Amino acid sequence: MGDGAKRYLKLQLNCKYYYLIGRFLMENRPKFLKNMLELHDNWMRDEQIRARIVNERVRFVYATSWSAFVALSRMFEGAGAEERAGMEEAFRDALLIHGEQALEDVFSETFLTRFWSDVMSGLQRGKIKSRFFDVRHVQVVEDGCLKEVTAGDDNAIKVCYIAPKSIFDDYAQDLRSRGESPPLDLRDLRREMGKEPYWIAAPTREPRVHRARINGSLQTCWVISLERNGSGSHVFPFGEEPRTNPRS
């Protein structure tokens, strides 16, 4: 952005005064904190931002950068204040683009991503049985329970029911055959998956689990969404890949 060499020279000339920013911030901590928290909360709640940066942890990091910088900038009145205010939208857009890129980088490195990559690979190679997955259309009804419906019905969403224990056993066996072992156990996977936007939470009433008939028996299941977000991408990053017992 702009002339980097010129900007660097200006920083070098003015750096001896930067301690004054820290002093000002310490002297005005209550006001700064109040303004920052309001901006932070607005960023985390913004529907457009939530659609573009779906991971809450990544969104939180960029919310902190945005809210701290803008809150402090707005506290400096006088020369340059209007110019800085006019640049806020461009700064916000730049952070969103960077956040989307960071989300891709972070996601590619997580154990959860590795799990799904290994599962999809196992499915393609026949090492994990497709009968432990079942794609359906449902409605989310009272208390978070799921009611099976037909595609196109009002409020119908496309989901995939998963028999977790059976899939994990196949997944672990496939890893062991290649001299590897699962980096997370089944409980850890469930905990991490519960933080993701594609996870369909269990009902709030007893027995507080999703149950469905898979592979001929009624089982406790995990359920993930195969819907798309506001930008048109699947909330489940591998949403294009499963080809498992589709049901209308």
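Restricted to segment 142-164, and to residues there that are touching a residue at least 40 places away in the same chain (Cβ under 8 Å) and not in a strand (DSSP E or B), the residue that is surrounded by the most Cβ atoms within 10 Å (Cβ to Cβ) is A163.
Of the residues R52, R84, the single one that is modelled with pLDDT under 90, crowded, with 17+ Cβ neighbours inside 10 Å and either under 23 Å from the mean Cα position of the chain (by Cα) or of a type outside the set (S, T, N, Q) (or both) is R52. For segment 33-40, the criterion of being surrounded by 10 or more Cβ atoms within 10 Å (Cβ to Cβ), in contact with a Leu (Cβ under 9 Å, 6 or more places away or on another chain) and closer than 30 Å to L103 by Cα is satisfied by at least one residue.
Count of segment 203-216 residues, restricted to those that are surrounded by 11 or more Cβ atoms within 10 Å (Cβ to Cβ) and either under 26 Å from D143 (Cα atoms) or of a type in the set (D, E, K, R) (or both), is 8. Scan segment 170-182 for residues that are assigned to a loop (DSSP other than H, G, I, E, B) and surrounded by 13 or more Cβ atoms within 10 Å (Cβ to Cβ) and the total you get is 1. Screening the candidates C160, C145 for the property of being closer than 17 Å to V209 by Cα and within 19 Å of the chain's Cα centre (by Cα) yields one hit, C160.
To keep it simple, each residue is scored yes or no on (1) surrounded by 11 or more Cβ atoms within 10 Å (Cβ to Cβ); (2) β-branched (V, I, T); (3) within 22 Å of the chain's Cα centre (by Cα); (4) in a loop (DSSP other than H, G, I, E, B).
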{"site": "V138", "(1), (2), (3), (4)": "yes, yes, no, no"}
{"site": "F168", "(1), (2), (3), (4)": "yes, no, no, no"}
{"site": "E192", "(1), (2), (3), (4)": "yes, no, yes, no"}
{"site": "A201", "(1), (2), (3), (4)": "yes, no, yes, yes"}
{"site": "L218", "(1), (2), (3), (4)": "no, no, no, no"}
{"site": "G239", "(1), (2), (3), (4)": "yes, no, yes, yes"}
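Just checking, which of R59, R125, R23 is crowded, with 17+ Cβ neighbours inside 10 Å, of a type in the set (D, E, K, R) and free of Cβ contacts under 8 Å to residues at least 60 places away in the same chain?
Residue meeting the stated conditions: R59.
Only a single criterion out of (1) surrounded by fewer than 10 Cβ atoms within 10 Å (Cβ to Cβ); (2) more than 30 Å from V235 (Cβ to Cβ) is not satisfied by E47, namely (2).
Look at segment 200-219: where a residue is under 21 Å from V235 (Cβ atoms) and a partner is surrounded by 10 or more Cβ atoms within 10 Å (Cβ to Cβ) and basic (K, R), sitting 6+ places away or on another chain with Cβ atoms under 9 Å, you get A202/R208; A212/R136. Among the criteria (1) touching a residue at least 12 places away in the same chain (Cβ under 8 Å); (2) under 22 Å from R211 (Cα atoms), the one F115 does not fulfil is (2). Put simply, of S121, S65, S108 the only residue that is small (G, A, S) and modelled with pLDDT under 90 is S108.
The values are calculated or read from the model by the stated rules, or taken from the named source; none is laboratory data. Note that this is a predicted model, so its numbers are computed, not measured. Methodologically, a virtual Cβ is constructed for each residue, glycine included, from the backbone with ideal geometry; neighbour enumeration extends over all protein chains shown.
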